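Worksheet: the structure to be examined is printed underneath.
Only the coordinates and a few stated rules stand behind these numbers; no lab work does. Here the structure is a predicted model, which means the values were calculated and not measured. Methodologically, a virtual Cβ is constructed for each residue, glycine included, from the backbone with ideal geometry; neighbour enumeration extends over all protein chains shown.
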Amino acid sequence: MTSTVVVGGFFGDEGKGKIISYLAIKDNPKIIVRGGAGPNAGHTITDGDRVYKVRMLPSGFLNKDAKVMIGPGVVINPEVLKKEIEDFDVSGRSFIDKHCGIIEETHLNRDSKGELKEKIGSTGSGTGPANSDRAMRVLKLAKDFDSLSSLITDVPSEINSALSANEHVLIEGTQGTFLSLWHGTYPFVTSKDVTASGICADVGIGPTKVDEVIVVFKSYVTRVGTGPLDKELSLDEAEKKGWSEFGTVTGRQRRAADFDFDLARRAIMLNGATQISITKLDVLFSDCAGKTLYDELSDDAKSFIKNIEDELNTPVTIIGTGPAVNDVVDRR
Ligand code: IMP
Ligand code: MG
């Protein structure tokens, strides 16, 4: 049995999508399953000349031999999902659980105005209102829609059977630790818990079945939307450092700050991390761009990594050195 859970350690947008697609190809899991909130999450994956922006499908879909699944804890926008299945050529191997909640017009409308939009800076994807309806027990589920029946499978059973048969399963989280409804900077958070435990509950895997928890940190911190961000840089300063980024779902400019050890330490604790992945090392140290061997990294880059390992008492095993799926140093 080998199961790996990958979650974000800051405020989302740590580069999980790219790390997950690397693991999906490298480790060749039988199933790649997505937990998390819903289509409020956007992951960017670069494969050759092609750039994929995914909001619903698991980011590991590039591995054509794997089944990709969405767990019952996730709310789905059927139009977004169907378009991604078609555009990314994943039909026949994409599945959802019958208990996935379904986002409808009303949720999109309720998310596009009022408190959620103005105060929380929500993504407007309908995810929060749908999860709120689910808590009220009025949300419709995938099983209520004939048009979704061909996609439905029993996701928890599939995952647990694969693990019993010693197959590898990759479990991907969305958002990041400090956007968790329980552990984040409430009320400036998403509508679910998105730490490793929450992600496992979303897909139906119990705590004793988890082997590895990889927490992904970017080499600096970004946050899109409102809410506290310690030692936030001005947009000008962020731009100078090459840290100005724009949200995958909303296109909003992300706010930025230096790597935050206090947040990172807490993320390691909350997620029970066994490994750390650091992304965008090439943005801090341009001489690391595209490197795939640890020994090829500059001394400054190596001491940045070493310092993180010492401070957080957890090994940094996977290091992102560029946007392409294989721009990775893998020390596992
Ligand atoms: P909501 O989840 O759309 O309600 O948005 C709540 C807060 O979480 C807002 O600040 C969003 O910008 C943020 N958020 C939600 N999903 C993501 C994500 O995948 N990455 C980064 N921020 C997110
Ligand atoms: Mg994102």
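Comparing 290, 176, 326 along the charge dipole axis of the stretch 2-330, the residue lying farthest to the positive side is 176, per the Cβ-charge model. Toward the positive end of the charge dipole of the stretch 2-330, with +1 on the Cβ of Lys and Arg and -1 on the Cβ of Asp and Glu, the farthest Cα among 221, 123, 207 is that of 123. Here the stretch 12-54 is treated as an ellipsoid with the same Cα gyration tensor; its semi-axes, largest first and in whole Å, are 17, 15, 9. Treating the Cα atoms of the stretch 1-155 as identical point scatterers in vacuum, please give the log10 of the normalised Debye intensity I(q)/I(0) at q = 0.09, 0.10, 0.14 Å⁻¹, two decimals. Log-scaled intensity ratios, in q order: -0.28, -0.35, -0.69. Pairs of Cα atoms in the stretch 286-332 fall into 10 Å distance bins, from 0 up to the last occupied one, in shares of 28, 56, 15 percent.
For the chain, modelled as a GNM whose springs connect Cα atoms under 10 angstrom apart, the maximal fluctuation among 233, 312, 139 occurs at 233.
For 182, 243, the sequence from fewest to most other C-beta atoms within 10 Å is 182, 243. Only the Cβ atoms of Lys and Arg (+1) and of Asp and Glu (-1) were treated as charged; on that basis the dipole of the stretch 194-332 about its Cα centre amounts to roughly 420 debye.
Normalise the Cα radius of gyration of the stretch 47-119 by 2.2 N^0.38 Å (N = residues in it) and let me know the number.
1.29
Among 127, 314, 185, sorting on how many other beta-carbon atoms sit within 10 Å of each Cβ, with the fewest leading, yields 185, 314, 127. Entry note, the chain: relative contact order of 23 percent, from Cα contacts under 8 Å with a spacing of 6+ residues. The P(r) of the stretch 2-330 has a tail past 35 Å containing 15 percent of all C-alpha pairs. Under the convention that each Lys and Arg Cβ holds +1 and each Asp and Glu Cβ holds -1, the size of the dipole of the chain around its Cα centre is about 660 debye. Pairs to check: 16/306; 67/218; 82/140; 119/143; 67/143; 16/302. Give those whose C-alpha atoms are more than 24 Å from each other in this structure. 67/218; 119/143, as the Cα separations exceed 24 Å there. Each residue of the stretch 52-58 was assigned a 3J(HN,Hα) from its phi angle through the Karplus curve 6.51 cos²θ - 1.76 cosθ + 1.60 (θ = phi - 60°); the sequence is 9, 10, 10, 10, 10, 5, x Hz, with glycine and proline shown as x. Look at 105, 14, 296, 158 and count the other Cβ atoms within 10 Å of each Cβ; fewest to most, that gives 105, 296, 158, 14.
Amide H to amide H, with H built 1.01 Å from N, residue 13 comes under 5 Å of 175, counting only residues 5 or more places away or on other chains.
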